[in-house]
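To start, the structure itself, in structure tokens.
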Amino acid sequence: MMRLVEKHIIQKNHRFYPEIDRLCFLSKNIYNYANYLVRQSWIFENTNLSYYDLQKTLSTQSDYQAMPAKVSQQILMILEKNWKSFLAANEVYKQNPSKFKSRPRLPGYKNKITGRNIAVYTTQAISKRQLKQGIINLSKTGIYLKTLVSASQIKQVRLVPKLNHYVIEVIYEKCEKQYELEKNRCASIDIGLNNLATLTFNKRRNETALDQWQTVKIYKSIL
């Protein structure tokens, strides 16, 4: 299976922009608050709060409740992943500081006013009824988006903040096609002087005929 992305660009004049901006702002608030709790625990108590600790603490927080539970949980999972990366790098730094230009920094906060954070909607936070009709409707939102991806292939939908716009990413999985290659086929390329290259390959005329070698000259195009 390979993971692919269908992208939809949402500019500031798009009708969904204000709602997506609000959702990513709420995501930032949850991320920052959870990050504050983890930082305080790590700095002053030398302990690392787990995802489950954060979920229990934030479950009654207003911004956390303003989003679908599955989406808020994904924010905490992203923060936990960032902290795991920091802690792993910090351990390597303790053993061999020369591998780093400076000491690894704690996961930082996003700007209180201008900061935005990704919002991830799993299939449990997407309307299944709409999805069967080729439309993505994110839970608790008025966002309706047509997609060419089969409902069974979709894994999650992400609202990704960019510099001056948003990108809605539809993450889906698709089986890789396996092609049967003919082992007796071969080709060679010779870079030329008067022409760009010469390509020589063998090709069978039919099932009974022997292989026939063909040569194709690839010429430079002059614009």
* Asked: For segment 147-163, which residues satisfy the criterion of being modelled with pLDDT of 95 or more and within 21 Å of G115 (Cβ to Cβ)?
  -> R158, L159, V160, P161, K162
* Do you know which of the residues in segment 97-129 that are in contact (Cβ under 8 Å) with a residue 60 or more places away in the chain and open to solvent by 90 Å² or more (accessible area, probe 1.4 Å) is nearest to the chain's Cα centre (by Cα)? -> Y109
* Structure fact -> Expected single match for more than 23 Å from N48 (Cβ to Cβ) and at pLDDT 95 or above among K101, K112, K132 is K112
* Can you pull out the residues in segment 151-177 that are surrounded by fewer than 12 Cβ atoms within 10 Å (Cβ to Cβ) and either touching a residue at least 40 places away in the same chain (Cβ under 8 Å) or farther than 17 Å from R22 by Cβ (or both)? -> S152, L163, N164, C175, E176, K177
* Pair list, Cβ < 7 Å and 6+ apart or interchain, from segment 15-29 residues that are closer than 17 Å to Y109 by Cα to residues that are open to solvent by less than 20 Å² (accessible area, probe 1.4 Å) and assigned to a helix (DSSP H, G or I) -> S27/I75
* To do: Report yes if some residue within segment 8-22 is within 22 Å of V167 (Cα to Cα), part of a strand (DSSP E or B) and either open to solvent by less than 50 Å² (accessible area, probe 1.4 Å) or in contact with a Cys (Cβ under 7 Å, 6 or more places away or on another chain) (or both); otherwise report no.
  => yes
* Asked: Yes or no: K28 buried (at least 16 other Cβ atoms within 10 Å of the Cβ) and more than 30 Å from S150 (Cβ to Cβ)?
  -> yes
* Asked: Looking at segment 84-96, is at least one residue open to solvent by 100 Å² or more (accessible area, probe 1.4 Å), more than 17 Å from A34 (Cα to Cα) and at pLDDT below 95?
  -> yes
* Within the bounds of segment 60-74, is there any residue that is touching a Pro at 6+ places or on another chain (Cβ under 6 Å) and open to solvent by less than 30 Å² (accessible area, probe 1.4 Å)? -> no
* Is there a residue being open to solvent by less than 50 Å² (accessible area, probe 1.4 Å), more than 21 Å from V157 (Cβ to Cβ), in contact with a Ser or Thr (Cβ under 7 Å, 6 or more places away or on another chain) and modelled with pLDDT of 95 or more anywhere in segment 41-50? -> yes
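The values are calculated or read from the model by the stated rules, or taken from the named source; none is laboratory data. The structure displayed is predicted, hence computed values, not measured ones. Note: ideal-geometry Cβ built from the backbone for every residue, glycine included; neighbour counts use all protein chains shown. Side chains are part of the model used for accessible areas, which takes the heavy atoms of the whole protein and leaves out ligands, DNA and RNA. Shrake-Rupley method; radii C 1.70, N 1.55, O 1.52, S 1.80 Å.
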